[in-house]
Amino acid sequence: MKISRYLLPAVVGTAIVGALVGTCRVPASPGIVISEGALSEAQIAEDKSGNGMQAPDSAGTAVRDTVRISEFGLRPDTGEDATGALRRAIAAIARSGRPTVLRFEEGRYDFHAPRGQDDRASVAARLCGLQNLVIDGGGARFIGHGRLTLFAAEECRNLTLCNFSLDWQRPYITQATITATGDGQVDLAIDRARYPYRIEQGRIRFLGDGWVREVDPESYSTAYDPRSGAVLYGTRDYPLSERNALFRGEVREVAPDTVRFFGRVDRKLHVGTRIALYHGRYLAPAITLGGCRNTRLERIDLFHAPGMGVYALRCERLLLREVSTRPNRAEGRCFSCVADALHFTSCRGMIELDGCRFDGQGDDALNIHGVYIRVAGISKQRRRLRLEGDRFPADKVFGVGDEIWPVHRLTVARGEPRRITRIVGRKGQQLEIELDRPLDGEFACGDFVENASWTPDIRIHNCRFGRANRARGILLTSPGRVEVFDNRFETAGTAILIEGDVNYWFESGAVRDMEIRNNLFDNCGTSASNNGGTGWGEAVISITPSFRPDSETSPVYHDRIRIHDNRIRTYDRPLIHARAAGHLQFVDNRIEQTSDFPSSAAQRESFRLDGCRDVLIAGNRYVGYDKPDVKTFHMKPKDLTYEKE
């Protein structure tokens with residue numbers, strides 16, 4: 001029995017996760033390769049020599065066997081639980097040790113969590129240490145039932161998942177439509193066949209496959225425009241009632257499939273507005289990847305997941321081509337996944353998204369970052385550190401051989417790297433490590449460390465980010481080479497958020513080389529900073545690390561972000577909101593003013609710059625957009641070169 005180093009609880013604090021990879025029972029087979037900790041230098045050299053990403057129909061020069069799921073007694077459209085047959089097929093492939101394509105016939109396949117198990121996620125198929133495997137859905141529709149992850153892959157190499165859609169028979173979101181509003185009450189039409197519920201002693205309970213839940217106070221009640229299907233302009237997480245209090249109080253069924261909710265109504269919304277009521281947040285991702293190398297996801301439609309769509313931890317080289325999260329319009333839905341579409345933590349190599357589409361999910365389309373782990377103890381010789389994760393277990397982030405950066409908690413500046421030579425011990429969320437050299441004397445308990453070995457390069461192109469998901473478009477923090485080009489952003493929040501913080505999410509990855517070019521930004525931020533708050537971002541592009549400059553000599557956090565040759569259609573004023581960014585360029589962009597929405601952003605200037613250095617704003621063309629303006633803080637005149645248009 002191998003206990004996974006990637007096993008994460010369903011919730012880490014209140015942060016991510018649902019990144020359940022689980023416990024792998026590994027059969028004895030030449031096809032199984034399990035490695036602990038960091039990759040060896042020999043393994044890295046082997047992949048760099050040419051055995052990198054392989055096409056879905058090849059594994060180097062090896063010929064793949066073809067295994068059909070029907071050989072294990074499974075046929076489409078029978079309604080039977082397909083979990084057992086899929087597990088038998090995976091076990092047989094693991095025993096063979098040969099490069100294999102597992103093929104499904106087109107049609108519907110149902111996968112069930114254990115009946116009544118709602119306190120934790122289960123996994124339909126664990127892929128443990130497999131090499132050169134393609135799972136080809138052949139256009140199949142996979143339907144989940146209950147709190148379930150479909151595929152959990154750990155320590156796999158050259159894995160491809162392709163050609164299927166994934167949905168849930170009963171989503172962990174209930175969709176409703178406002179039919180009437182009044183003082184202290186709202187009537188919602190709820191299709192009881194699609195979203196079963198019952199009312200007991202004046203309280204409403206929603207029913208699913210083996211679960212009974214209320215509306216989650218820590219989740220959302222997103223409002224949607226019934227005509228466009230987008231998040232309703234100017235609304236965010238709880239447009240009707242803060243923390244969903246209205247939906248957790250007294251109710252009465254006033255007509256078939258119509259429920260009246262009594263309580264405080266913070267904002268009256270129009271009749272016909274659709275509301276998505278969440279029954280949890282990070283319950284189970286659809287697909288998890290832990291410690292995998294050379295993974296491809298292609299032509300996959302994720303219509304729903306009880307948590308994130310795809311979560312990856314310490315993976316090397318990921319390609320996603322034509323992967324989408326989007327509402328199942330055939331079911332009349334406005335929503336897709338419960339949480340982020342894609343969330344990748346402490347990965348390395350190239351992460352590439354090509355031709356993907358994201359809409360309707362309950363959080364950002366994409367988040368790529370590392371993790372800041374707090375230093376809780378330092379030995380007298382300063383070579384041993386006791387680390388404690390505030391949002392994330394320390395032992396999930398570091399391995400023997402990894403280089404780390406010590407990070408000052410006040411400036412969030414990186415020190416000289418050190419290498420981990422030994423894992424001394426683990427206890428809860430604490431990890432004790434030994435370094436190759438003593439830590440510099442300027443670092444102390446309460447500072448942080450960041451993994452320098454696991455930082456990816458990123459390419460995002462030909463993708464579309466829609467307006468039907470809450471929060472932002474993409475969140476990127478990595479010191480590797482980052483390119484974002486030829487995409488379309490129509491986001492309710494800021495299109496691109498470049499953050500990094502040591503005070504809430506503890507997501508690391510100060511940028512050193514990012515290029516944002518040839519994209520279309522179309523009326524982004526329709527629910528961003530309206531009503532005076534920061535909400536889902538301050539501008540079309542927001543650069544907001546937790547470090548806050550306090551003088552004209554404060555250091556920068558991010559460096560070398562170039563934004564050029566983009567087309568920005570905007571109904572409002574703010575284009576860039578940047579803090580502690582060096583060598584920031586905004587050049588040769590076309591900005592077009594629209595009147596598609598009312599102007600209401602909290603930021604009223606085009607560019608707001610705080611503690612930025614070596615900024616260049618030049619060569620931009622403004623069409624119908626009033627004279628652009630810049631507001632600066634903690635900056636010297638020489639820090640900004642601004643060619644007025």
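Structure data summary
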{"item": "P(r) tail fraction, the range 360-407 - alpha-carbon pairs more than 18 Å apart, %", "result": "43 percent"}
{"item": "Accessible-area value, residue 204, 1.4 Å probe, nucleic acids and ligands omitted, Å²", "result": "10 Å²"}
{"item": "CD proxy at 222 nm, helix term only [per DSSP H run n ≥ 4: -39500 (n - 2.57); per residue of the chain; nearest 500]", "result": "-1000 deg cm²/dmol"}
{"item": "Pairs of lysines in the chain (C-alpha under 16 Å apart; 8 or more residues apart or interchain)", "result": "4"}
{"item": "Under-5 Å amide H pairs with residue 220, H placed in peptide plane, nonlocal only", "result": "278"}
{"item": "Area accessible to solvent at residue 408, 1.4 Å probe radius, in Å²", "result": "40 Å²"}
{"item": "Rounded FRET efficiency, nearest 0.05, which uses the C-beta distance separating residue 253 from residue 75 and R0 of 56 Å", "result": "0.85"}
{"item": "Label-point separation in nm, residue 588 to residue 626, each point 7 Å along Cα→Cβ", "result": "3.0 nm"}
{"item": "Charge sum, other residues only, whose C-beta stays under 13 Å from residue 156's C-beta, Lys/Arg counted +1 and Asp/Glu -1", "result": "+3"}
{"item": "Ranked order, 396, 636 - accessible area, probe 1.4 Å, largest first", "result": "636, 396"}
{"item": "Ellipsoid equivalent to the range 579-619 - semi-axes via the Cα gyration tensor, in Å", "result": "24, 15, 6"}
{"item": "Nitroxide proxy distance, nm - points 7 Å out along Cα→Cβ at residue 88 and residue 106", "result": "2.7 nm"}
{"item": "Share antiparallel - DSSP beta bridges, the chain, percent rounded to 5", "result": "30 percent"}
{"item": "log₁₀ of I(q)/I(0) at q = 0.09, 0.11 Å⁻¹ - the chain, Debye sum with one point per alpha carbon", "result": "-0.76, -1.13"}
{"item": "C-alpha center-to-center spacing [the range 566-645, the range 233-269] in angstrom", "result": "39 Å"}
{"item": "Reciprocal of mean inverse Cα separation for the range 193-287 (Kirkwood radius, Å)", "result": "14.4 Å"}
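The values are calculated or read from the model by the stated rules, or taken from the named source; none is laboratory data. Since the structure is predicted, the reported quantities are computational estimates derived from the model, not experimental observations. Cβ atoms come from the backbone with ideal geometry, glycine included; neighbour counts cover every protein chain shown. Calculation scope for accessible area: heavy atoms of the full protein, side chains included, ligands and nucleic acids excluded. Shrake-Rupley method; radii C 1.70, N 1.55, O 1.52, S 1.80 Å.
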